[in-house]
Amino acid sequence: MSAATRTTVQMAGSGTSASDGPAAPRPQPWRWMLRPVFGLILAGMALLALVAGGIWFAGFIALGTSAGVREWHRMVSRGDYRPFLPGSIVALLLGLSLAVFATGGPERAPAAYGLAGAGYAAAALLAAAVAWMRSEQVLWQGIGPLYLGLPGLSLFALRATPDHGLWLVLTLFAAVWACDTGALVCGKLIGGPKLVPRLSPNKTWAGFVGGSVSASAAAALALATFGAEVWRGALFGLIIALISHGGDMFESWVKRRVGRKDSGHLIPGHGGVLDRIDSILFAAPCCAAFVFFFGAQALLGGNL
């Protein structure tokens, strides 16, 4: 028997053919198990910090936003991202410290939040200047402190509001988490036409509708528990869902532009911190605007 014949027999006996190429790697179920496990752990940590409030909630936000801004600068960098970190992280920590200071009395809030916003703007300008000197992407690097700082400050301000801040943020979390979960489940189970392939190639219309309905139902249920009319809660949840979809698609678009699948690998089964908080980064500032500028508590009714 020739060498070529022996090779053919061996390949046939192993259940492969010359045209099959290398065997595809077997799926690893434990990777899918990590996603819900670590998702529940992170949600539990967020809820504990939220209920504790004050410096505990500020500390939790500081950890998340600091990790997120590190991932952002690394994601959009062409080279060493570390020179961008000191200014951004100091601004984030200073902003949240000022927000904690503002809880000492309503007269402190305007100056404290104004200084925090000014700090984020200064950090953005510093990051842009460093990027210009290093021939990096000036706009993308400058966005980092604002992209992470303003949502973190908004979350803390919502929690600190005396008009049932705890329940407002709980409802916001419920809507965002339900949106993400509903979109993932419906997108995987139903599939179908893509939503906006140029921005995010994996998002489908089924996931968009499933996430929106889930968020609307979650917010309606949460708000109904303390007297708000169901339709008002459903409408609030739907608005938050639409904003959350926008945040998710924005980060997907950025990752696609810079050639990355995940923002990082810090959270097993999920990817990076930004991959988990992209929706809340858009939803939190919008929710704060609804509350502080448009009187969302009165619009929702009930005991808010």
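List of remarks:
- The range 163-304 - charge dipole about Cα centre, Lys and Arg +1 at Cβ, Asp and Glu -1, debye rounded to 20: 620
- Bridging of LYS255 to aspartates and glutamates at a Cα separation below 12 Å is possible for GLU71, ASP275, ASP278, once same-chain residues fewer than 8 apart are set aside.
- Charged side chains reduced to their Cβ positions (Lys and Arg at +1, Asp and Glu at -1) give the range 32-160 a dipole of some 200 debye around its Cα centre.
- Estimated FRET transfer efficiency (VAL196, TRP56; beta-carbon r; R0 35 Å; 0.05): 0.35
- Pairwise label distance in nanometres, LEU139 with ALA224, each label 7 Å out on the Cα-Cβ vector: 4.5
- Our estimate of slack between LEU85 and MET45, defined as 0.36 nm per intervening residue step minus the Cα-Cα distance, is 11.9 nm.
- Spin-label pair TRP205/ARG260, simplified geometry with 7 Å Cα→Cβ offset, distance in nm: 3.2
- Karplus (6.51, -1.76, 1.60) ³J(HN,Hα), θ = phi - 60°, over the range 197-210, in Hz, Gly and Pro reported as x: x, 5, 8, 8, x, 9, 7, 10, 5, 5, x, 4, 5, x
- One decimal place: the segment VAL185-TRP132 gains 14.8 nm when fully extended, by the rule 0.36 nm per residue minus the C-alpha distance.
- Gain upon complete extension [VAL100, LEU166; 0.36 nm per residue less C-alpha separation]: 22.2 nm
- Peptide packing: for 163-176, 187-200, the average count of neighbouring Cβ atoms within 10 Å per residue gives the ranking 163-176, 187-200, highest mean first.
- Residue order for CYS179, CYS286, CYS186, fewest other beta carbons within 10 angstrom first, comes to CYS286, CYS186, CYS179.
- When the Cα positions of VAL291, ALA218, LEU189 are compared along the charge dipole of the range 163-304, LEU189 comes out farthest toward the positive end, with charges on each C-beta of Lys, Arg, Asp and Glu.
- The range 32-160 - percent relative contact order, Cα under 8 Å, separation 6 or more: 28
- Proxy reagent accessibility, fewest Cβ within 10 Å first, across TYR81, TYR147: TYR81, TYR147
- Partner lysines for LYS188 [C-alpha distance under 20 Å; skip if fewer than 8 residues away on the same chain]: LYS203, LYS261
Throughout, read-outs are computed from the coordinates displayed, never taken from laboratory work. Being a predicted model, the structure only gives us computed values, none of them experimental. Don't worry about glycine lacking a Cβ; one is built from the backbone with ideal geometry, like all the others, and counts go over all protein chains shown.
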